[in-house]
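See below for the structure under consideration.
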Amino acid sequence: MTRSQSMQPQSAVGAPVARVDGRLKVTGSARYAADHGPADGIEGVVHAVLVEATIGRARITGVDTRAAEELPGVLAVFHHGNAPRLPYRDNPFPDSINPPGERLRAFQDDRVRFFGQPVAVVVATTPETARHGARLVEVRYAAERVGTDLAAGTPGGEPETYGRGDVEAGLRSAEVRLEMTYRTGRNHHNAMEPHAIIARWEGDRLTVWEKTQWVADPRNELAAAFGIPQESVRCLSTVVGGAFGNGGRTWVHSVIAALAAREVRRPVKLVMTRKQLYSGVGYRPAYEYAVRLGSDRSGRVTAMAHDVRGETSRYESHADDMALGRMLYTTPHVAQTVSLVPLDVNTPTWMRGPGWSTAAYALECSMDELAHELGIDPIELRLRNEPESDPATGSPFSTRRLRDCYAIGAREFGWDRRNPTPGATRDGDRLIGTGFAAGAYATERMNAQAYARLDADGRVVVQSATSDIGPGTATSMSQVAADASACRWTPCASTWATRCCRPPRSRRWPGRWRASARPCRTRATCCAPGRRPRGHRPGLTASRRRPGRVVVRDGWLSVGTDPGRGETYPQLMGRNNRSHLEVIGSYEPPEESGFSMYSYSAIFAEVAVDARLGLVRVRRMLGVFDAGRIINPTLADSQAHGGMIGGIGQALLEHTITDHRDGRIVNADFAGYLLPVSADVPDVRAIYVDGEDREADPIGVKGLGEIVIVGVAPAIANAVFHATGRRVRELPITPESLLG
Ligand code: MOS
């Protein structure tokens, strides 16, 4: 049979297919972590509710549990005074997600390290009883002086530094110099699904149904905490109601739930309240970001100094990656210092576009300030500083289509209709402004493993140890698998089992961008040249004598020397009377690619500012993204729109407010912590520049989920400046900051 005669499926990759789990989700039948129960074989579950510290820094001098324990239905109350000592080995995958330091342990000492820290847990037969019991626990403290203010804090340890050229000499000799400090508020992930876990022990084996964006970490962390082999822990994560980076590490409440389950010998369910999510899990830390810029009159930026201070806890050093300023522009003299200020707070963590979105705010506002100072169009200024190769490493970029992003964005947004003078455009009472910013986000590659089963009827099932935090991982894996196996697109594949394949061994962390890139690795399974599926007799291969030379491409098996002759998997199985084939395949990225790999963004925003109220409305927004190949434009839009809306929150609404007298977060709910709602969200449009990146990934993906927020806040801030002529150097840009 020749190739043209075979049934060629339409390409599933690139098609706007609906989510495979869409129906489950919109009908409410998808089971999130806390929804699991008897249908999953979990019988006799009991409920745990945390008791949090009501003081920011203290020693616990006593815990009175009598009233709680007398409550009918309360099974146990655990705290540092009665909890078993846990071995707490090191988590084998430290990274900035499990940062350097001593992690917070479950009731292992009498220290209160931050306001809201879990200090006890009440286990009861119903959630109501457990909640009631938690209110009855009385904790006494010996208070200590609390420090939670970044501005007043002192950096601990040595700053992380970067330098090239001679930045001080560069600044001295520059024709134009600018100096300014930007500040960003602390942001919280606020996913719809709260952190939740069900923990069940069977002997020494622990199973958890956990909200996580990386099933390997609950396994690693729980195994480490309890001193048991990793193989003894199984983590199940079917669907995740958003995570945005906060499901990356395993927080102390998960260990507490497992501890309680082991002690009461029942499965324990623990669901955090919305309020607890502001103190009990991570957040995007607040930053101060000082910039000094030197440029010649033509807009060639010659020197850039960035001095950054960020908040962290006193027990761990979480550092975001501030590398954007090193690689976005060709600047010969660059110096960066990033200092961490230890405070009496919970450890921060990665939040969408971690580091890069913060750095983009400072860098891209400073570029806008320079453009204004020089009277050069902001896009033209970027073009004059666009590097040909990575200025930080000298390596070529795998792909960098920022110029295309600028050109397409400017055309589609109507940038040339802009009056460059700030404060000059009005619409009735409103001042109108447009702003622009660029962004980048590192593409990283990691190993992965996937199981694939091909049935003779053309069905394919693909499984990998990952979770889907929203990008549609199951759907895009299905699309890649459908193409690779030449099976007709059907929403049949599944990513949701964690038992059959090893999670990645990488020390790096599979966050959003990797989850969206990860599906592609399954292609290593479905189309690995010459790979022999398990149970695959040599006689079944298209080239009987030299199976290594069989090439599988788009589901077409052929001999390398004659790509025109071959057959499809269903034909192969039919001819050999087989019901199915199965295989486990792995992908290992090359150690060194020799390329610098990034996704890119160009964000355009238009705002209307009510001059009397100081109220900013985003009127329209366009994002143009160079993210490599797009597996599914519908899923891509959902990522892009969500990320850009998150950027509206970062720019105009979101920040926690801490009472520095006691370390309490005063707006720890949806009434006090403002998030963009439909009324805040204008027409948002995303465009993806064509092209796949074969250096970044075997099928050309660079990653989209993080880059979609990078550049949004500065584009909006620059638009506010253009509208009003006022430069607010602090996020969020609140009405008070514009009126003050
Ligand atoms: Mo992303 S902050 O790695 O979920």
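Look at (1) open to solvent by less than 10 Å² (accessible area, probe 1.4 Å); (2) out of contact with any His (no Cβ under 7 Å at 6 or more places or on another chain) and you find that T347 fails only one, number (2).
Is it the case, given these coordinates, that A260 is out of contact with any helix residue (DSSP H, G or I) (no Cβ under 8 Å at 6 or more places or on another chain), away from the ligand (no atom under 16 Å from the Cβ) and of a type outside the set (S, T, N, Q)? So A260 passes the test.
If you go through the range 192-231 and keep only what is of a type in the set (A, V, I, L, M) and open to solvent by 10 Å² or more (accessible area, probe 1.4 Å), you end up with M192, I228.
Pull out all pairs, ordered by first then second residue, where Cβ-Cβ is under 6 Å, the residues are six or more apart or on different chains, the first lies in the range 335-356 and is within 15 Å of the ligand (Cβ to nearest atom), and the second is of a type in the set (A, V, I, L, M). Hits for this filter: R352/I709; G353/I709; G353/V710; G355/M322; W356/L324; W356/V710. Of all residues in the range 688-701, at least one satisfies being modelled with pLDDT of 95 or more, of a type outside the set (D, E, K, R) and under 21 Å from the mean Cα position of the chain (by Cα).
Looking across the range 411-451, the residues that are open to solvent by less than 30 Å² (accessible area, probe 1.4 Å), under 23 Å from D693 (Cβ atoms) and not in a loop (DSSP other than H, G, I, E, B) come down to A437, A438, G439, A440, Y441, A442, A448, Q449, A450.
For the range 254-294, name all the residues that are among the acidic types (D, E) and either in a loop (DSSP other than H, G, I, E, B) or within 30 Å of A120 (Cα to Cα) (or both).
Answer for the range 254-294, where residues must be among the acidic types (D, E) and either in a loop (DSSP other than H, G, I, E, B) or within 30 Å of A120 (Cα to Cα) (or both): just E263.
Kindly establish whether G642 is open to solvent by 10 Å² or more (accessible area, probe 1.4 Å), in a helix (DSSP H, G or I) and closer than 19 Å to W350 by Cβ. Yes. From the list A671, A640, A715, A686, the one residue that fits, being closer than 29 Å to N447 by Cβ and small (G, A, S), is A640.
Surrounded by fewer than 20 Cβ atoms within 10 Å (Cβ to Cβ) and not in a helix (DSSP H, G or I): is that true of R234 in this structure?
So R234 fits the description; yes.
Scanning the range 172-185 for residues that are in a loop (DSSP other than H, G, I, E, B) and open to solvent by less than 20 Å² (accessible area, probe 1.4 Å) yields A174, G185. Take the conditions (1) open to solvent by less than 10 Å² (accessible area, probe 1.4 Å); (2) over 23 Å from P735 (Cα atoms); (3) in contact with a Ser or Thr (Cβ under 7 Å, 6 or more places away or on another chain); A636 misses just one of them, which is (3).
Restricting D659, D697, D680, D669 to residues that are of a type in the set (D, E), open to solvent by 10 Å² or more (accessible area, probe 1.4 Å) and in contact with a helix residue (DSSP H, G or I) (Cβ under 7 Å, 6 or more places away or on another chain) narrows the list to D680. Of the residues making up the range 295-334, just one is assigned to a strand (DSSP E or B) and within 16 Å of the ligand (Cβ to nearest atom), namely G310.
Here A371 does not qualify as within 16 Å of the ligand (Cβ to nearest atom), under 22 Å from V167 (Cα atoms) and outside any strand (DSSP E or B). Picking from residues in the range 289-308 that are open to solvent by 10 Å² or more (accessible area, probe 1.4 Å) and not basic (K, R), the one that is nearest to Q336 (Cα to Cα) is D307.
Take G458 and decide whether it is within 16 Å of the ligand (Cβ to nearest atom), out of contact with any Phe, Trp or Tyr (no Cβ under 6 Å at 6 or more places or on another chain) and not acidic (D, E). Against the criterion (within 16 Å of the ligand (Cβ to nearest atom), out of contact with any Phe, Trp or Tyr (no Cβ under 6 Å at 6 or more places or on another chain) and not acidic (D, E)), G458 does not qualify.
Considering the range 702-740 alone, what residues qualify as being away from the ligand (no atom under 16 Å from the Cβ) and under 20 Å from the mean Cα position of the chain (by Cα)?
Result: P714, single match.
So, V255, is that one more than 16 Å from the ligand (Cβ to nearest atom) and within 30 Å of T148 (Cα to Cα) or not?
yes
Is one or more of the residues making up the range 712-721 open to solvent by less than 20 Å² (accessible area, probe 1.4 Å), assigned to a loop (DSSP other than H, G, I, E, B) and closer than 18 Å to F244 by Cβ? No, the range 712-721 has no match at all. N577 is checked against (1) at negative phi; (2) open to solvent by 10 Å² or more (accessible area, probe 1.4 Å); (3) in the same structural domain as G472 (by TED's automatic domain parsing) and fails just one. What number does that condition carry? Unmet for N577, out of (1) at negative phi; (2) open to solvent by 10 Å² or more (accessible area, probe 1.4 Å); (3) in the same structural domain as G472 (by TED's automatic domain parsing): (1). Within the range 229-253, residues that are under 26 Å from A120 (Cα atoms) and without any contact (Cβ under 8 Å) to a residue 40 or more places away in the chain reach partners that are within 16 Å of the ligand (Cβ to nearest atom) and not hydrophobic (A, V, I, L, M, F, W, C) with beta carbons closer than 9 Å, at six or more positions or on different chains, in the pairs V233/P218.
Every residue, every condition in (1) closer than 30 Å to V176 by Cβ; (2) among the polar types (S, T, N, Q); (3) not assigned by TED's automatic domain parsing to the domain that holds D21, yes or no:
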{"residue": "S232", "(1), (2), (3)": "no, yes, yes"}
{"residue": "W251", "(1), (2), (3)": "no, no, yes"}
{"residue": "L259", "(1), (2), (3)": "no, no, yes"}
{"residue": "E263", "(1), (2), (3)": "no, no, yes"}
{"residue": "P267", "(1), (2), (3)": "no, no, yes"}
{"residue": "T273", "(1), (2), (3)": "no, yes, yes"}
{"residue": "Q276", "(1), (2), (3)": "no, yes, yes"}
{"residue": "G282", "(1), (2), (3)": "no, no, yes"}
{"residue": "E288", "(1), (2), (3)": "yes, no, yes"}
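The values are calculated or read from the model by the stated rules, or taken from the named source; none is laboratory data. Since the structure is predicted, the reported quantities are computational estimates derived from the model, not experimental observations. Positions of Cβ are generated from backbone atoms using ideal geometry, with glycine treated the same way; all protein chains shown enter the neighbour counts. Note: accessible area is taken over every heavy atom of the protein model, side chains too, but ligands, DNA and RNA are not part of it. Shrake-Rupley method; radii C 1.70, N 1.55, O 1.52, S 1.80 Å.
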